[in-house]
1. Could we say that A133 is of a type in the set (G, A, S), more than 15 Å from the chain's Cα centre (by Cα) and either surrounded by fewer than 22 Cβ atoms within 10 Å (Cβ to Cβ) or over 30 Å from A314 (Cβ atoms) (or both) here?
2. From E210, E223, E282, E200, which residue is over 21 Å from A100 (Cβ atoms) and in contact with a Phe, Trp or Tyr (Cβ under 9 Å, 6 or more places away or on another chain)?
3. Got a number for residues in segment 122-171 being touching a residue at least 24 places away in the same chain (Cβ under 8 Å), hydroxyl-bearing (S, T, Y) and outside any helix (DSSP H, G or I)?
4. Scan segment 323-354 residue by residue and report those that are in contact with a Ser or Thr (Cβ under 7 Å, 6 or more places away or on another chain) and of a type outside the set (A, V, I, L, M, F, W, C).
5. Of all the residues that make up segment 138-159, how many are over 25 Å from the mean Cα position of the chain (by Cα) and closer than 16 Å to L19 by Cα?
6. Can you name the residue in segment 256-292 that is hydroxyl-bearing (S, T, Y) and under 17 Å from the mean Cα position of the chain (by Cα) and, of all such residues, is nearest to A238 (Cα to Cα)?
7. Here's a check for you: in segment 32-60, which residue that is out of contact with any Asp or Glu (no Cβ under 9 Å at 6 or more places or on another chain) and part of a loop (DSSP other than H, G, I, E, B) is nearest to L296 (Cα to Cα)?
8. Sort out which residues of segment 302-330 are part of a loop (DSSP other than H, G, I, E, B) and either among the acidic types (D, E) or at pLDDT below 95 (or both), and write them in order of number.
Amino acid sequence: MDLKQLKGLRVGLFTSGGLSSTAVAAWLAENGVDVTCYVADIGQQAPMPAGELATRLSEHGLKSRAVDLRAEMAGTALDLVTYQATYEGGYWNTTGASRAVLVSGLGPVLRADGCDVLAHGCVGGGNDQSRFARYAARFTPDLTVFTPWTEAWMLERFPTRTHMSTYLSDLGYPKELTDWAAYSIDGSLAGFSHESDALESLATAPASLEPLMTVWPQDAADEPGTFTVRFEGGRPVAVDGTAVAPLDAMLRANALGGRHGISLRTVVENRVNGTKCRGVYEAPGLDVLGPCLDALYQACLDKPSTALLRRLSATLGGAVYEGRFHDASGRAAAAGADLLAAGVSGTVEATLYRGNVHVQRLLDLADAPGTARQTRFTHGGHHWITQAGQGATV
């Protein structure tokens with residue numbers, strides 16, 4: 001799409017406070033495009049909270065609207081836990097997960113506001129361009145998707161991120177929104193990713209990076225912390241004896257995990273476009289809840305079910321990363337994982353200490369059908385007895 005075409009349409013721009021999306025918003029508005037910035041609150045606090053960002057954009061003459069999607073983001077984050085849906089290196093791809101939340105959550109708002117175009121500021125040819133395209137086709141097929149950084153006329157105006165930063169600085173935008181020429185973050189209440197010019201070199205240690213949700217293990221609390229979580233059907237329903245909704249579960253797990261240095265992973269991953277890229281990822285709540293539920297799966301699922309869940313987890317981890325979480329294959333894999341998780345309930349007690357999660361006890365387990373634990377030493381030590389079922393000698 002060219003600028004002339006955009007001037008005749010109402011554009012809804014997903015704006016996170018990132019350098020590229022903010023530059024797009026300011027420049028389109030300056031050139032007479034009817035653009036509204038939609039700021040989704042998915043629990044991110046950087047570069048600034050969603051409400052503050054919407055206010056700052058409005059102060060600079062941009063139409064903006066904040067939309068609270070924290071509950072939806074928390075629900076999707078806990079889907080990842082239930083499905084054990086990690087990606088390469090065992091990390092939780094919270095960026096890919098958030099793209100589904102943004103399009104499914106903001107799409108109806110754009111439509112209700114009369115928007116014709118869904119726009120975003122993601123890098124042309126990158127992972128997120130592909131993710132947004134897939135989810136827009138799934139959730140907002142009636143809206144045209146505008147990807148600025150695949151258009152020659154936008155690239156000519158802003159050939160580098162430094163040009164974007166200078167442009168916004170000259171317009172008086174705050175440093176919190178402009179000082180990102182060589183660094184990029186993406187975040188939600190589920191986790192944050194960090195990329196930069198320095199991190200692109202595999203010879204550079206990430207030690208200078210400042211985490212946003214957790215701390216480096218050596219800086220964590222001196223004393224271990226305890227965490228008790230009750231799962232029912234593979235979903236957390238109580239934390240430390242208090243019933244929780246998904247958002248509460250995530251916030252409490254994030255706070256404790258962050259205090260104890262849980263979750264900093266450096267990964268060189270295979271990207272959607274066939275390249276490799278290095279990033280640093282933090283998701284303390286997921287890295288607390290995930291191992292706790294995995295311990296329940298180990299205890300409660302029979303061998304074939306466990307093997308099947310592992311395969312489904314790998315499929316779903318890839319689907320989240322590639323923006324296929326809501327494709328037919330992703331929905332089928334999720335339905336299978338839900339079926340396996342449905343019979344798995346119990347309470348997990350864990351100790352957190354300097355980057356490690358140690359599961360201590362499993363209590364009040366509800367086994368999936370067909371499982372039976374065996375005991376030996378509690379029956380004299382010379383033969384096995386099934387603990388579940390009829391207690392027959394094996």
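1. Details: of a type in the set (G, A, S): yes; more than 15 Å from the chain's Cα centre (by Cα): yes; either surrounded by fewer than 22 Cβ atoms within 10 Å (Cβ to Cβ) or over 30 Å from A314 (Cβ atoms) (or both): yes.
In short, yes.
2. Details: E210 fails: in contact with a Phe, Trp or Tyr (Cβ under 9 Å, 6 or more places away or on another chain); E282 fails: over 21 Å from A100 (Cβ atoms); E200 fails: in contact with a Phe, Trp or Tyr (Cβ under 9 Å, 6 or more places away or on another chain).
Sole residue among the options that is over 21 Å from A100 (Cβ atoms) and in contact with a Phe, Trp or Tyr (Cβ under 9 Å, 6 or more places away or on another chain): E223.
3. 3
4. Result: G323, T347, E349, T351.
5. 5
6. In the first step, residues of segment 256-292 are kept if they are hydroxyl-bearing (S, T, Y); the result is 263, 266, 275, 281.
In the following step, the residues that additionally are under 17 Å from the mean Cα position of the chain (by Cα) were identified as 263, 266, 281.
Working: S263: 22, T266: 31, Y281: 26 Å.
Per the stated criteria, the residue is S263.
7. G43
8. At the first step, the residues of segment 302-330 found to be part of a loop (DSSP other than H, G, I, E, B) are 302, 323-327.
D302, D327, listed by residue number.
The values are calculated or read from the model by the stated rules, or taken from the named source; none is laboratory data. Source: prediction; values computed, not measured. Cβ coordinates were reconstructed from backbone atoms using ideal geometry, including for glycine residues, and neighbour counts include every protein chain displayed.
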